[in-house]
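So the structure is just underneath, and the comments pick up after that.
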Amino acid sequence: MRKSRIIKFFAAVVVSSAFLSVCLWSQCTINRQDNNFFREDVTGERSYDDHMNVPRGTNSIKNKDTPAIKYKEIDCVINDDYAIKCRRDGGEVYVPFRFIQDYFEIYGSVINTDGYDRLEWQHANSKIHKPRLKYSPSGIFMSFEYYNVEQRDRVKCISGFEGVPVSTQWTPEGHYYPIQIAQYGLSHHSKYMMDGEPDVIILEDGEEDSPADWVVPEQRSFAVLKNDVSKFSNVVQFLTSDSTKLPGIRIVADEKVNKYVTADLKFSTNGSVTVTVETLSTVVFNLHYVLSNTLIMFEGKDIYYGLGDTRGRWHHLARDISIDLQKGLGLRFSKSKRIKMKYQFSKIREISIRGHGYLDNLTLSSSAHLDHFYDAANWLVSHQNNRGGWPIAVRRKLIPNLLELPPGWYSAMAQGQAMSLLVRAYLKTKAKKYLIAAIDAMKLFEISSEQGGVLAKFAGEYDWYEEYPTTPSSFVLNGFIYSLLGLYDLKETASGEAADMANNLYQRGLTSLKFMLGMFDTGSGTFYDLRHITLGLAPNRARWDYHTTHINQLLELSVIERDPLFKTTADRWTDYMKGKRAKHN
């Protein structure tokens, strides 16, 4: 009898446990941080908080006047296409957030605060930047102080010789993309305007009675002071082996904070500069800046950047060592974020020089914004052709086999952003070469797309400056507005006929923008271009980051022009980022 009772008792326990497990599995736990999670929205409609009360840690919803009700699993059929599993509580159905996230293209995640979970979601994943009260051609450009061009995946590296980004956009080999170069310069100018002068550690400037504490590897090597007539100052003359496999003349740095290396160099023979860095995992890499045309190369623990053949003339070097390290490691570990984190920059251990030549103004600094700004501006001056443009060397397939641009095309966005950069370089230095280049950049604005320029006409009347000057025209919005900002910067800076021409082009473009702006409004977002009008194709909706760019551009124009059209349109487009839509009939 006792045995039978024991068996019956355990059987009852097993059945009860199984039943309890099924019940618990079918329930849905809701954790709330506070009773204000669901709030009254701006339309005045009542939110869930008006009729629901969900205590923390419960697995059911309990109305104020009724007992708790358990969830029940049901099928939800979506547009007769497919079914998903949902949960039902009386008359209410709860749909999985993962489905909502994908189906409605929203962004969100569960955030844990003080031990309690809450779901936070947004309709958009980009940020609007409030414009400044005044806009100046010498000031910060839009919100570019937040841009980090060199960190982008589509930037292969910063060229050792040119000092500007090399883009992998549309080709893995890399090319100099004028839009990216202009943005690089504008971002560093804007950062400089925000941050001011950097902290600087001078390692060697040739101004002391003797060279700095250089470690010389052998008797045949030396580092001595010598007067340089061209620089009107003393510099360090050095001589050592030019092989990167042998020790060079080196100086200990041991610096974690100031990770920018700048120096003036003139090599008489073959030579190099090596920056030895340590990562967070204490692995040591050598960054070699060598007299070579090789863009970038990774070999063992050595990363090489080519400086070109600069023998016999001074070359200014300004490098962000952490970026150079990451771009080099990217050649080997491009698909592993974990390894990239492991090899993050920790500190500069030492700097070495090799070969025979001269060195001046070797520093470590917290930033090198002005150096990068001038590198970009100087690249634009030296690479502008006789048409006033910067031809783009790769094929652009806006719509394959339909809208394609062969190598050598021009972009109104490149021309406009280059103007904005060159104007700022001119206002900073008063060097006429920058203003002349900005003025010459206007030439292509009066040449039609069919003839190799950037000018298109909408309805045969309204001038549009094309980011991608295809035939038929595509009418890309953000590139057009960037070109207007460039023309505005130039008209405010130039004088005489150049100012008149810039003003004329700007006003014609502004008239077109006011007339055509509504065509880019979807009622819940914006269009990137007007291919649905010019080609009769499906519309090309703007991603949220481009939609945000449209808003930021209109807000900037509202400061410049004080036209309510730009502000009211920007406000409506901002509402779209919160899930609001235009009214239907």
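The values are calculated or read from the model by the stated rules, or taken from the named source; none is laboratory data. Predicted model, so just to flag it, every value in this text is computed and none were measured. Ideal geometry is used to build each Cβ from the backbone, glycine not excepted, and the neighbour counts take in all protein chains shown.
One line per residue, one yes/no per condition, for (1) more than 30 Å from VAL200 (Cα to Cα); (2) in the same structural domain as ASN540 (by TED's automatic domain parsing); (3) touching a Phe, Trp or Tyr at 6+ places or on another chain (Cβ under 8 Å):
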residue	(1), (2), (3)
ILE351	no, no, no
ASN378	no, yes, no
HIS383	yes, yes, yes
ASN386	yes, yes, no
PRO391	yes, yes, yes
LEU405	yes, yes, yes
LEU422	no, yes, yes
GLU446	yes, yes, no
query: Mind checking whether some residue in the range 207-219 is surrounded by 15 or more Cβ atoms within 10 Å (Cβ to Cβ), of a type outside the set (S, T, N, Q) and farther than 28 Å from ARG349 by Cβ?
result: no
field: Residues of the range 518-538 classified as in contact with an Asp or Glu (Cβ under 9 Å, 6 or more places away or on another chain) and closer than 14 Å to ILE399 by Cβ, total
entry: 1
message: Being more than 26 Å from the chain's Cα centre (by Cα), under 25 Å from PRO172 (Cβ atoms) and of a type in the set (Val, Ile, Thr): is that true of VAL290 here?
response: yes
- prompt: Among strands (runs of 3 or more DSSP E) lying entirely in the range 95-197, which contain 3 or more residues that are of a type in the set (D, E, K, R)?
  reply: 116-122
- request: Using the structure shown, decide if ASN234 is among the polar types (S, T, N, Q) and either at pLDDT 95 or above or surrounded by 12 or more Cβ atoms within 10 Å (Cβ to Cβ) (or both).
  value: yes
- request: Kindly list the number of the only condition in (1) free of Cβ contacts under 8 Å to residues at least 60 places away in the same chain; (2) touching a strand residue (DSSP E or B) at 6+ places or on another chain (Cβ under 9 Å) that fails for SER483.
  value: (1)
task: Would you mind stating whether SER210 is hydroxyl-bearing (Ser, Thr, Tyr), over 23 Å from PRO407 (Cα atoms) and either part of a strand (DSSP E or B) or at pLDDT 95 or above (or both)?
output: no
- line: For the range 299-322 the number of residues that are in contact with a strand residue (DSSP E or B) (Cβ under 8 Å, 6 or more places away or on another chain) and in a strand (DSSP E or B) is 11
field: Subset tally (residues that are among the polar types (S, T, N, Q) and buried (at least 22 other Cβ atoms within 10 Å of the Cβ)) for the range 142-183
entry: 3
field: Whichever residue in the range 468-494 is aromatic (Phe, Trp, Tyr) and part of a loop (DSSP other than H, G, I, E, B) and, among such residues, is surrounded by the fewest Cβ atoms within 10 Å (Cβ to Cβ)
entry: TYR468
statement: When GLY579 is run through (1) under 27 Å from the mean Cα position of the chain (by Cα); (2) closer than 23 Å to SER420 by Cβ, the failure sits at (2)
task: Please find, among TYR116, TYR135, the residue that is of a type in the set (Phe, Trp, Tyr) and modelled with pLDDT of 95 or more.
output: TYR135
